[in-house]
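Everything on this sheet refers to the single structure shown next.
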Amino acid sequence: MAIIKVQKGTKDILPAEMPVWHFMEDKAREIFTQYGAREIRTPIFEATELFARGVGDTTDIVNKEMYTFEKSERSLTLRPENTAGVVRSFIENGMHRLSAPVKLWYKGPMFRYERPQAGRQRQFHQVGVEVFGIKQPTADAEVILMAVNYLKALGLNDLSVELNSLGCPECREEFKAKLKSVIKPYLSELCPDCQSRFEKNPLRLLDCKVEECKEIYAKPEIQAVIQSDFICEDCANHFNELKSYLDALKINYSINKLLVRGLDYYNRTVFEIKSNNLGSQNAVCGGGRYDSLVRNLGGEDTPAVGFAMGMERLASLIGNKEVEKTKAFVVSNNILEAVKLTEELRSSGITCEFDLTNKKFVKQLEKASKVAKFALILGEDEIKANQVTVKNLDTSEQKTVSREDVKSLIV
Ligand code: ATP
Ligand code: MG
């Protein structure tokens, strides 16, 4: 019979890889908790409209990448990202009534119909943070710090933080108009995506990965507009304050005026963290401020800022971690005594196994030395004397002790 295989762009995360995933998850909980953030878990599917409104219907995510299906005449979508879901939950659960800032973090699978390649899957995982209720740039700095310190805690150092300010909807209008006027003469030479972005979302032109388009945007008259300081005084002050916090905290960053981010909802601060050790899919973290999203999704006016990181990309930077061996393996031909001792140790928190098939003593010992650190030998003599022989399988040292003393020898 034909074997059913894992779907293209999806992967099993196998037991051998699990130590790295546990490490990423444990560190997320540890670091984000230090900043006062609480974990939130929202559903994996939501109303399609949430993403159309929350991510933006001019984005690649909504236009091309969503897994959408109908059920009972409802259009549902597997979440392509989690900010929209967290915002929906924030509104629905009246979290604006909590004292600000409300700091939330999450982790879990996301789904995007993209061309699979190294660092790009159709089901992948993100860990992210959202901070609600603070318009001052202290929140932007706090969020960037959370990202940087999390990455540090994972032992990742060769990273660079890129920063930009997209201004507010008002100052951005003027910039968009200028950008369009200098790009217009080249419109017919742009890729089809850029041709449609030109009217719908001109900022996104700068995000295009197509070489021909990039060459056009590198032309001096277009660069002059891109590199100009277009943001209004308030936005400039906000950005300058953020930079001074980061300077004071010795967070290295560079300004990248091409950084616009794929999503529609960002205003003012946007940032990305890139690895110098990944290939072309080198962005490990993307984030920014989204002051109008809560209102756009029907909530009270609430400023917010957050980020999301791709966990598969983090995992490939962390590399392998050894799978821990079982602590103890009971070796005995008396299966009832074996299971009793095994359970005794398990109930005091020690990982312990015994041979479920009751093989010959020597075979059991062989098995123990493969999977465990200690063999707990229960022969006829030991059982009679209520003792256990504890054998350290690394050093081959062994000692016969009373049952009560077994635990203290297993370290
Ligand atoms: P990219 O430019 O790489 O497509 P993006 O702007 O679409 O990234 P975001 O929506 O900001 O990405 O998601 C945040 C992070 O999630 C990215 O920096 C990346 O690490 C990870 N990520 C996004 N899409 C994928 C994917 N298809 N497979 C694996 N990781 C992904
Ligand atoms: Mg993308």
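The residues of region 228-278 that are touching a helix residue (DSSP H, G or I) at 6+ places or on another chain (Cβ under 8 Å), crowded, with 19+ Cβ neighbours inside 10 Å and β-branched (Val, Ile, Thr), listed by number, are Ile231, Val260, Thr269, Ile273.
Scan region 112-125 and tell me whether some residue there is assigned by TED's automatic domain parsing to the domain that holds Glu30 and away from ligand 2 (no atom under 16 Å from the Cβ). No. Evaluated against (1) farther than 30 Å from Arg120 by Cα; (2) basic (Lys, Arg); (3) under 26 Å from the mean Cα position of the chain (by Cα), Lys367 falls short on exactly one condition, (3). Note on region 287-317: residues that are open to solvent by less than 10 Å² (accessible area, probe 1.4 Å), within 15 Å of ligand 1 (Cβ to nearest atom) and assigned to a strand (DSSP E or B) total 7.
Ala84 - would you say it is in contact with a Gly (Cβ under 8 Å, 6 or more places away or on another chain), in a helix (DSSP H, G or I), within 16 Å of ligand 2 (Cβ to nearest atom) and touching a residue at least 24 places away in the same chain (Cβ under 8 Å)? Against the criterion (in contact with a Gly (Cβ under 8 Å, 6 or more places away or on another chain), in a helix (DSSP H, G or I), within 16 Å of ligand 2 (Cβ to nearest atom) and touching a residue at least 24 places away in the same chain (Cβ under 8 Å)), Ala84 qualifies.
Answer yes or no: is there a residue in region 23-38 that is outside any helix (DSSP H, G or I), surrounded by 14 or more Cβ atoms within 10 Å (Cβ to Cβ) and more than 16 Å from ligand 2 (Cβ to nearest atom). Among the residues of region 23-38, at least one is outside any helix (DSSP H, G or I), surrounded by 14 or more Cβ atoms within 10 Å (Cβ to Cβ) and more than 16 Å from ligand 2 (Cβ to nearest atom), which makes the answer yes. So which residues in region 92-108 are buried (at least 17 other Cβ atoms within 10 Å of the Cβ) and in a helix (DSSP H, G or I), if there are any at all? Of everything in region 92-108, just one residue is buried (at least 17 other Cβ atoms within 10 Å of the Cβ) and in a helix (DSSP H, G or I), namely Met95. Of the residues making up region 197-213, those that are surrounded by 13 or more Cβ atoms within 10 Å (Cβ to Cβ) and either touching a residue at least 24 places away in the same chain (Cβ under 8 Å) or basic (Lys, Arg) (or both) are Arg197, Lys200, Asn201, Pro202, Leu203, Arg204, Leu205, Leu206, Asp207. Please go through region 106-139 and give me each residue that is within 16 Å of ligand 1 (Cβ to nearest atom) and farther than 20 Å from Thr68 by Cα, ordered by number. Those that are within 16 Å of ligand 1 (Cβ to nearest atom) and farther than 20 Å from Thr68 by Cα: Tyr106, Lys107, Gln117, Ala118, Gly119, Val127, Gly128, Val129, Glu130. Among the conditions (1) under 20 Å from Val161 (Cα atoms); (2) within 16 Å of ligand 1 (Cβ to nearest atom); (3) part of a loop (DSSP other than H, G, I, E, B), Leu206 misses just one, which is (3).
With the condition kept exactly as written, say whether any residue in region 334-351 is assigned to a strand (DSSP E or B) and open to solvent by less than 70 Å² (accessible area, probe 1.4 Å). So far as region 334-351 goes, no, none of its residues is assigned to a strand (DSSP E or B) and open to solvent by less than 70 Å² (accessible area, probe 1.4 Å). Within region 16-38, residues that are within 30 Å of Ala139 (Cβ to Cβ) sit with their Cβ atoms under 9 Å from residues that are open to solvent by 80 Å² or more (accessible area, probe 1.4 Å) and at pLDDT 95 or above, at 6+ positions apart or across chains, in these pairs: Ile31/Lys152; Phe32/Arg38. Residues in region 53-76 that are away from ligand 2 (no atom under 16 Å from the Cβ) and assigned to a strand (DSSP E or B): Thr68, Phe69, Glu70, Lys71, Arg74, Ser75, Leu76.
Scanning region 43-52 for residues that are among the charged types (D, E, K, R), away from ligand 2 (no atom under 16 Å from the Cβ) and closer than 24 Å to Arg204 by Cα turns up at least one hit. When we screen Phe132, Phe175 for residues that are within 16 Å of Gly287 (Cα to Cα), of a type in the set (Phe, Trp, Tyr) and either touching a residue at least 12 places away in the same chain (Cβ under 8 Å) or buried (at least 18 other Cβ atoms within 10 Å of the Cβ) (or both), the only hit is Phe132. When the test is whether a residue is touching a residue at least 40 places away in the same chain (Cβ under 8 Å), within 16 Å of ligand 1 (Cβ to nearest atom) and open to solvent by 50 Å² or more (accessible area, probe 1.4 Å), Ile61 does not pass it.
Taken residue by residue, region 312-323 has at least one member that is within 16 Å of ligand 2 (Cβ to nearest atom) and under 30 Å from Val102 (Cα atoms).
The values are calculated or read from the model by the stated rules, or taken from the named source; none is laboratory data. All values derive from a computational prediction rather than experimental measurement. For neighbour counting, all protein chains shown are included, and Cβ atoms are generated from backbone atoms with ideal geometry for every residue, glycine included. SASA here: full protein model, heavy atoms, side chains in, ligands and nucleic acids out. Shrake-Rupley method; radii C 1.70, N 1.55, O 1.52, S 1.80 Å.
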